[in-house]
Structures are given as structure tokens and as C-alpha cells.
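A.B. asks: Please find one structure pasted underneath; my questions will follow.
The values are calculated or read from the model by the stated rules, or taken from the named source; none is laboratory data. On a predicted model such as this, the values are computed, not experimentally measured, just so you know. Cβ placement follows ideal geometry from the backbone for every residue including glycine, while neighbour counts extend to all protein chains displayed. Note: accessible area is taken over every heavy atom of the protein model, side chains too, but ligands, DNA and RNA are not part of it. Shrake-Rupley method; radii C 1.70, N 1.55, O 1.52, S 1.80 Å.
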Amino acid sequence: MTPLRTLGIPVAGMTWPSLLRRQGQRNGDKTCLVFEGRRWSYREVHDQTLALARGLLHAGVRPGEHVALLIGNCAETLLLNMALGCMGAVTCPINTAAKGDLLAYFIKLSRATTLVVGHDLAGRFAEIEGQCPDVLPLLRVDTGAGDAVSYSGARRMLEWADLDLRDDAGTVFPAVAAEDVQTIMFTSGTTGPSKGVQITHAQSFQFSIGRVEYLGLRADDVVYTCLPLFHGNARNAAAVCAFVADATLVLSRRFSARAVWSEVREHGVTQFNLLSSMTNILWGIPPSAADRSH
């Protein structure tokens, strides 16, 4: 029987600053992320994450601040999660289907004072900003999905392109501890209003590290996800797993029954996980000559 893989990462090292540095040094030019034809090495992810963290600090985002993310699947979503973790802020991912009173509920429940919004979703906040007086600046990101929506609200709007991402060795990042809250994830709301669950750095990474160990994921694995990054499945059971396993993550914008198997074959995917309904959809696809070319 093959023994479980042990990563040997101490609890104190289960923070985004520590693991970003560790993985960047271990893997260098190895591919870390693939998204829509673009590849990022571990070194590029390390450098771009720290540059983004500096840019957010210079833009006024502060350590300990709660930052809500209303943004679809793209590379920027992953970089934001890591950058906010490196600067000691709390990431609050919101279901991108939320709108109106439900969106206002999520923002207020998270106690967010900054909102990062996809360029196609900015109009949703304009409709409810009167219900969210604590949110001051907004950061708009061009995710490459859908048409850009103009923002006609009263809050200060920052554009991703306006962030100062220059290398600045003089920037001092705050100390981040494993017991610090890293993210607030919302429950599904099937038995009542969604609740915000505070998750520390160590708690989040312990799940992903444990999954890597008992699944036996290794550096030559290619992990695929088409699930939304506001959900723990895509983030902690796929993206972070691939990162701590020295593996490669292939990120898709959304689930498409027609595209899944072609993406799996194209990138040599070795592991992915889906929701049960998606499995039934894939099972129902008519047979194809390509079914055996995997």
C-alpha cells in the first residue's frame, strides 16, 4: 500500500505570505496556472501577487479590512485572494448570481468596506449602494467576460489598470499569523439566511493540505476546475490543492458540458471534481470518437 504523501508544512507556515514564498522558491518557472491560453509560472504568481498586494495598500486597502469580491472566474480572482491574504485583509467572496436585496445582505453581513467587482457586474452595486453605506471605494476588474457595464453610483471607482503595481522594495507588509481570519465564506442558505463563516489561514490551508496528502497529488498532476471561485470546492478543493502540491491548475470560466472533456484532453488533466448534477449531465453526453483519447 502506497503511504500517504506528507507535505511537512508546519501550522505556523500555513499563511499566504509563507506559502507563496515557499512555493515560489520551490517551483520557479514551473507552470502554476493556466487560464484561457495564458500560463503563469510559480515565480510569476509570486511576483504578481506581491505587486498586487502593494498596489492595494497604496490604493488605501488596509490590513484587517474586509474586502468583498463580486467577480467571476479569472486569474485576477485567484491573485486577489492571495494578495489580500498577504496584506492581512479578509477576503469575502460573494455568489456572482446575487443581486438586489440579496447582494446587499451579503455585503452588509461581511462588514466589507471595499468591493472588488467585475466590469460586467458594477451596475448591480449601483442599484443597492444606498443599503451599503460602509462600502467606500470600489475596484473594477475587466474579467474578459460579458460586456462592461457603466457605474453611475456615487462611490469612488478605481480601475485595475490604475493600481500601482511597480516593484517597491520599501513596502512593508503587516505580519500575518496562521490564526488570523483569512476569508469569510457564506453558507448555502438552504435552511435559512446564509451565514458568514470566518475561516483562518491555518484552517483553510489545513483542509487543502490534508486533501493533497490523502489523494496523493504530486507535482506532475494537472488539476482542473470549472466551478465558481466564490465556492470552497473550486478554491480549497482544487486551486489551493494544486498550489500546495506543486502541481498545475487549469481554470475554466464556467461549466460547459461541451467543453469539459476537450479541456481535460487538451491540458492533460489528471484530477478534477464536480458536483453531482454536473456528473449526470456529462454521463448523458452521446458517445464520441474522442472518448478514448484521454
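A.B. asks: What net charge do the residues around ILE71 carry, taking every other residue with its C-beta under 12 Å from that of ILE71, with Lys and Arg at +1 and Asp and Glu at -1?
C.D. replies: Summing Lys and Arg as +1 and Asp and Glu as -1 gives 0.
A.B. asks: Within 15 Å, Cβ to Cβ, of GLY28, how many net charges do the neighbouring residues add up to if Lys/Arg are +1 and Asp/Glu are -1?
C.D. replies: Residues near GLY28 contribute +2 overall.
A.B. asks: Given a 1.4 Å probe and every protein chain left where it sits, what share in percent of the accessible area of the chain is carbon and sulfur?
C.D. replies: Summing carbon and sulfur atoms, their accessible area is 53 percent of the total for the chain.
A.B. asks: Just for the chain, what percent of DSSP beta bridges are antiparallel, to the closest 5?
C.D. replies: Taking every DSSP beta bridge within the chain, about 25 percent pair in antiparallel fashion.
A.B. asks: Where the convex hull is taken over the Cα atoms of segment 28-71, what is its projected area averaged over directions, in nm²?
C.D. replies: 4.1 nm²
A.B. asks: Please name which of LEU121, LEU138, GLN48 has its Cα lying farthest along the dipole of segment 32-159 towards the positive end, using unit charges on Cβ (Lys, Arg +1; Asp, Glu -1) and the Cα centre as origin.
C.D. replies: GLN48
A.B. asks: Mind checking which lysines have their Cα closer than 25 Å to the Cα of LYS108? Skip sequence neighbours fewer than 8 apart in that chain.
C.D. replies: Straight-line reach from LYS108, under 25 Å: LYS99, LYS195.
A.B. asks: In addition: When N counts the residues of segment 14-91, how does its alpha-carbon radius of gyration compare numerically with 2.2 N^0.38 Å, as a ratio?
C.D. replies: Dividing the Cα Rg of segment 14-91 by 2.2 N^0.38 Å gives 1.08.
A.B. asks: Moving to a separate point now. Between THR248, THR143, THR191, find the one with the highest GNM mean-square fluctuation for the chain; connect C-alpha pairs within less than 10 Å.
C.D. replies: Sorting by GNM fluctuation, first place goes to THR191.
A.B. asks: Taking GluC sites (Glu not before Pro) as candidate sites, keep only those in a DSSP loop with at most 16 other Cβ atoms within 10 Å, then name the longest stretch of the chain containing none of them.
C.D. replies: Segment 37-178 is the longest.
A.B. asks: Given segment 167-277, what percent of its DSSP beta bridges are antiparallel, to the nearest 5?
C.D. replies: Looking only at bridges with both residues in segment 167-277, the antiparallel portion is about 45 percent.
A.B. asks: Roughly how many whole Å is it from the C-alpha centroid of segment 187-237 to that of segment 49-119?
C.D. replies: 17 Å
A.B. asks: Give me the accessible area of ARG5, 1.4 Å probe, in Å² rounded to the nearest 10.
C.D. replies: The value for ARG5 is about 40 Å².
A.B. asks: If you don't mind, there's one more thing I want to ask. Quick one: dipole size for the chain, taken about the Cα centre, charges +1 on Lys/Arg Cβ and -1 on Asp/Glu Cβ, in debye to the nearest 20.
C.D. replies: Charge dipole, the chain, about its Cα centre: 460 debye, nearest 20.
A.B. asks: Would you work out which of GLY88, SER262, ASN73 lies farthest towards the positive end of the dipole of the chain, given +1 charges on the beta-carbon of Lys and Arg and -1 on that of Asp and Glu, about the Cα centre?
C.D. replies: Going by the charge dipole, the pick is SER262.
A.B. asks: Specify which labelled value, from (i) 40, 24, 16; (ii) 32, 23, 19; (iii) 30, 24, 19, agrees with semi-axes √(5λ) of the Cα gyration tensor in Å derived from the coordinates of the model shown.
C.D. replies: (iii)
A.B. asks: Still on this structure: I'd like the projected area of segment 185-294, averaged over all directions, using the convex hull of its alpha carbons. Report it in nm² with one decimal.
C.D. replies: For segment 185-294, averaging the hull's shadow over all directions gives 8.0 nm².
A.B. asks: For segment 1-110, with every protein chain kept in place, what is the accessible area per residue (1.4 Å probe, Å²)?
C.D. replies: Counting only protein heavy atoms, the per-residue value for segment 1-110 is 40 Å².
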